[in-house]
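Take a look at the structure below.
What follows is calculated from the coordinates using simple rules that are stated; it is not laboratory data. Not measured: the values here are computed from a predicted model. As a convention, Cβ positions derive from the backbone with ideal geometry for all residues, glycine included, and neighbour counts pool all protein chains shown.
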């Protein structure tokens, strides 16, 4: 801490309370890293405001002092977006204390919340009115709504409900200079000028700080149908996707792909999960498919079963297991969620999160595999993800755990080879994880030209001194 | 035309061809007004470019000459957004010649089009792949996709599919200086920086010109169920809405309200349409409800019938007619669409397009009726609209046709009284029609402060010389 910082710390303490300005290294440490401990930085302090007014005053003081601000949610992001850089001069702003539901409108199916509430808490509150906040991500217990909005979170229900962006009706935002924009409207239709909220959604705290939000809810489904299906190959998987979307568009909430190599990895490192589903290292590509029905309907169940039967007869599927109990359903999702753990067991892994138009997924899988094989024979593709959204987590594990170090050294070349293929297929190098600090250079490369220029102009307009989450996104 | 304009006209002709720069008053006239002839202006010329490159070159030349540009679609808007002002110095840019489908991806359910294609033509092309572009507006035969996107069009299926914004995946935009932004990506998930497309959607051509778009399609429904229901009162209508949304959320595509006075107006001026539905001037409030099913299902039909039966038993409905044929369905919609014509027959009408959170609709109806009655006893509220979206076309007809002139003179006071009530209920003074030239002052009043300031800053950033559709929106 420099002497010059003292007056700012004193002023901040006067706003939020002395014990809510953390400077002691031990207190500060959790705020200087992410959940996985993958990114680390140094902050001047962490400030824990308790209201929008306190956030505004904090930002005003930081603007006056010319000090950078790093907004932070549950720190569950994967690209270091909420972690300060190494300078030790930034103020980390964590909204964990702003965790209230402001109101719930059961008739309009909307909920207004503070940005610091966790996704799980917001979902639980919605459930008290038999409503559902349909953003399904594994980190919901820690992830705060502000972070979910700031990163435009995706997850497992995007196929049916879209990205977080689609569910945000209104926002309250504190701008870099401390002024408050109250855009907490709860209107389905409001064509009164530019869509300011969409600027802030997905901007990862680089344009302002989301302090409140109005979110669209949906009714809780009455019945869920879940199927686990070994599939002949990726093009059969796409044929099935097309057929199921056309027949069950409204109900189809998840269509997850797990490649043969990924299935084999789970079977090897998590055999207990594999055996429950009669899966072995030889099973091949698998699909996890889920339908959510607003009305419990035996007819719908029968239609799904019939359609999976046709897929089997068409030679697309080698088997189809429909969950007959919640236990069985959980076993299917446990298999899907075991991928990260199995990858950890297999050594260091290179992680990616790419998307292409759905029909180009087979090209993506084959071309990127070839391109990375040309870089190194040590990288084994471990591909899985939200096939229905064209979103593949195109990861690489070491051929054997012993070559983890070599794989890590080759990471930049591997990622570059993959991203080139993605770009050639009109895809995105970051489908749902965002940019943070990890992909700033990739953005500058693949969005170069007009797009980057426009983004930088917007950044300069709203944050002329580049104090909001500097070093992130653009 | 001034002498100074000559070199620009010559240069434009060199770009698009002499016969595509219209200056002859007779040729130019249609481009200087809207569909209804409600707004009129004067242009220097109308330019009809045939490609994005020609649009870019046109904008570059206009920038060089410091000349204003008014982008124009099918001129079906209701707020004069595509009509030039009276100066006679602006270049009207109409994209009617850019009317091609660029590509259709049946697997991803996306369509890429030129911005000048009509909504109807785009919908027809989607239908060749048994897909649906679910934007339902009466003007689809004339409205161009560029205008639909520029105004973020609403319509009758917003309840299920959201505003146009929700269906736009990618855009191609020519900026005021003639540079082209190619954002024609067709990705469900793409978290790579700021959401530029959302700036242009709904900006009514004030920030740039949309020349191409990628739109999300959905499967064509296999079966439609339509019901026409006299309802006891507005709170019964909301009870029914809540019950149907919870049970049939995925299928409910339209929930339209027609007030008792509006029903009586149709019964009076369009008796043949009313009698088909056994409606009289005494019938009272009515609802038009539509469900679209991806799978034809007798079970779903039975469930809808049962739920309407319960609504009758609950004392919410006084009757419920379910269309038993396409003819009957069309009769129901014809009744709904007859409102504008019946209003025309009743004399001059003051038209509004407001929204509030759904639960506040009863307050809106009663409070605004009282507020306007205090302005004049001559204005009869004619309320109808997309109740499911909280969107009411809160119009006023003269108590008798003879007082049309007096009503017209009172229009500003009537609209002001209504908008004050809307604002007090956290609503919007323009739900789907936008701002154009008609509501610029209203926007400046009701979005004053931070919101207007941010909009103006964005306008200045992208169009520093205020040459794009000047006098519109902000």
Please report, for residue A:17, the nm distances (one decimal) from its label point, 7 Å out from Cα along the beta-carbon direction, to the equivalent points in the remaining copies, shortest first.
7.3
For the range A:55-200, averaging the sequence separation of alpha carbon pairs under 8 Å that lie six or more residues apart and dividing by its residue count, the contact order in percent is 22 percent
Report the dimensions of the range A:125-171 along its three principal axes from the alpha-carbon atoms, largest first, rounded to Å.
27, 24, 24
At a Förster radius of 60 Å, what calculated FRET efficiency corresponds to the Cβ-Cβ distance of residue B:299 and residue A:142, to the nearest 0.05?
0.90
Note: residue A:6 to residue A:182 extended length (0.36 nm per residue) minus current alpha-carbon separation gives 60.2 nm
Potential extension, residue A:51-residue A:457 segment - 0.36 nm per residue separation minus Cα distance
143.1 nm
Given points 7 Å out from each Cα along the Cα-Cβ axis, report the residue B:318 to residue A:220 separation in nanometres with one decimal.
3.8 nm
Answer rounded, prolate or oblate for the range B:346-424, using the Cα gyration tensor with square roots of eigenvalues a ≥ b ≥ c: rounded when a/c is under 1.5, else prolate when a/b is larger than b/c, else oblate.
prolate
Against the empirical 2.2 N^0.38 Å scaling, what ratio does the C-alpha Rg of chain A come to?
1.01
Label point distance in nm, residue B:450-residue B:411, each placed 7 Å from Cα along Cα→Cβ
3.5 nm
Residue order, fewest to most beta carbons within 10 Å, for A:283, A:33, B:10:
B:10, A:33, A:283
Would you mind classifying the range B:13-170 by shape? Square roots of the alpha carbon gyration tensor eigenvalues, ordered a ≥ b ≥ c; an a/c under 1.5 is rounded, otherwise it is prolate if a/b is larger than b/c and oblate if not.
prolate
Between the label point of residue B:37 and that of the same position in each other copy, find the distances and list them shortest first in nm, with every label point placed 7 Å from Cα along the Cα-to-C-beta direction.
7.8
Mind running the shape call on the range B:30-74? Use the C-alpha gyration tensor, a ≥ b ≥ c as the square roots of the eigenvalues: rounded below 1.5 for a/c, prolate if a/b tops b/c, oblate otherwise.
oblate
Suppose you put the label 7 Å out from Cα in the Cβ direction; list, shortest first and in nm with one decimal, how far residue B:298 is from each other copy's label.
1.4
Starting from the Cα of residue B:97, step 7 Å along the direction of its Cβ; do the same at residue B:325; then give the gap between the two resulting points in nm.
4.8 nm
Computed curve, the protein assembly as shown, Cα-only Debye sum without solvent term, log₁₀ I(q)/I(0) at 0.05, 0.10 Å⁻¹, is -0.30, -1.25
Acute angle (nearest 10 degrees) that the helix B:6-16 long axis makes with the longest principal axis of chain B, alpha-carbon atoms
70 degrees
Any chance you could give the angle, 0 to 90 degrees and rounded to 10, that helix B:450-462 forms with the longest Cα principal axis of chain B?
40 degrees
Across all Cα atoms of the range B:223-341, Rg and the largest Cα-Cα distance (Dmax), in Å, are 13.6, 39
Once you keep just the Cα pairs under 8 angstrom separated by 6 or more residues, what percentage relative contact order results for chain A?
15 percent
When only C-alpha pairs under 8 Å and at least 6 residues apart count, what is the relative contact order of the range A:3-94, in percent?
35 percent
Return one number: the angle in degrees, 0 to 90 and rounded to the nearest 10, between the long axis of the Cα atoms of helix B:234-248 and the longest principal axis of the Cα atoms of chain B.
80 degrees
Enumerate the residues in the range A:32-67 having an amide nitrogen under 14 Å from the point lying 7 Å beyond the Cα of residue A:24 toward its Cβ.
A:46
